[in-house]
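**Q** One structure is given below, represented as structure tokens, and several questions about it will come after.
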Amino acid sequence: MIGILDPDQRVCGRGIRHLRRAGIEVDLFPLEFMGQVEDQNREFIHHKEEIELAARSTPVIGLTLEEVKLEPAPDWKYKFKVRMIWWNDGSPVHIGKPHWIPGGVGIQGKQLVYRYQVWENNSNSWGSETLEADVPSDRQCRIWFGLDPDPKSQQLAPQLLSKGRLGTLVLPVTVAGKLVELHIRPRWQESGA
């Protein structure tokens, strides 16, 4: 006799099937006794139902691209950067180490050099530059990354950026414990274009 089915949907019913395949007769408690078992396991059942509900809910990734700009900086270590600014209008997210898929312009050096910053509401300024970012809902985040500083690349970059052909930034984003990969092709148009 089985008191109730397991509230954990990952295993619910599997034991019954296993016993029946082995030729063992299986039956459930009468309804009145099932209710007693459920009352005795109310907290456990509630916990499993919450886990199931959370697993079925769809988190929202809402990174709205607000600005993309090229930053030539001949006196800095990274002489040619792209800066992108987002507004997080979805669930809180964690953004990890990105990578760049070149379209028309490669990166400076052998590995992508980048930094994130998250807007700090309490100080009304950008936070410290970091290698990963936790971005709360309703908050801005920005990234810069170094591109090939060759003069030909710097000359070509604005035209490629205006057509969305500069390259693709790949961001590993974790939301509600789920990892997704966002592919972003930055694009902008000059004012008046």
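**Q** Using the structure shown, decide if VAL60 is within 18 Å of GLN140 (Cα to Cα) and in contact with a Ser or Thr (Cβ under 6 Å, 6 or more places away or on another chain).
**A** Here the answer is yes, as VAL60 does meet what is asked.
**Q** Please go through the range 135-186 and give me each residue that is over 12 Å from VAL68 (Cα atoms) and among the polar types (S, T, N, Q), ordered by number.
**A** SER137, GLN140, SER153, GLN154, GLN155, GLN159, THR168, THR174
**Q** Tally the residues that are of a type in the set (D, E, K, R) and part of a strand (DSSP E or B), restricting the search to the range 62-81.
**A** Of the residues in the range 62-81, 5 are of a type in the set (D, E, K, R) and part of a strand (DSSP E or B).
**Q** In this structure, is GLN140 farther than 23 Å from ILE61 by Cβ, more than 13 Å from the chain's Cα centre (by Cα) and of a type outside the set (A, V, I, L, M, F, W, C)?
**A** no
**Q** Collect the residues in the range 75-115 that are touching a residue at least 40 places away in the same chain (Cβ under 8 Å) and over 25 Å from the mean Cα position of the chain (by Cα), keeping them in residue-number order.
**A** TYR78, LYS79, PHE80, GLY104, VAL105, GLN108
**Q** Give me the pairs: first residue in the range 10-31 and exposed (fewer than 10 other Cβ atoms within 10 Å of the Cβ), second residue part of a loop (DSSP other than H, G, I, E, B), beta-carbon distance under 6 Å, and six or more apart or on different chains, which are they?
**A** Going by the 6 Å Cβ cut-off, the qualifying pairs are ASP27/MET1.
**Q** Given (1) over 24 Å from the mean Cα position of the chain (by Cα); (2) surrounded by 13 or more Cβ atoms within 10 Å (Cβ to Cβ); (3) of a type in the set (D, E, K, R), identify the lone condition not met by LYS152.
**A** (2)
Laboratory data are not the source of any read-out in this text; all were calculated from the coordinates shown. It should be emphasised that the depicted structure is a prediction, and the values quoted were computed from it without experimental measurement. Reconstructed Cβ throughout: ideal geometry from the backbone, glycine too, with neighbour counts over all protein chains shown.
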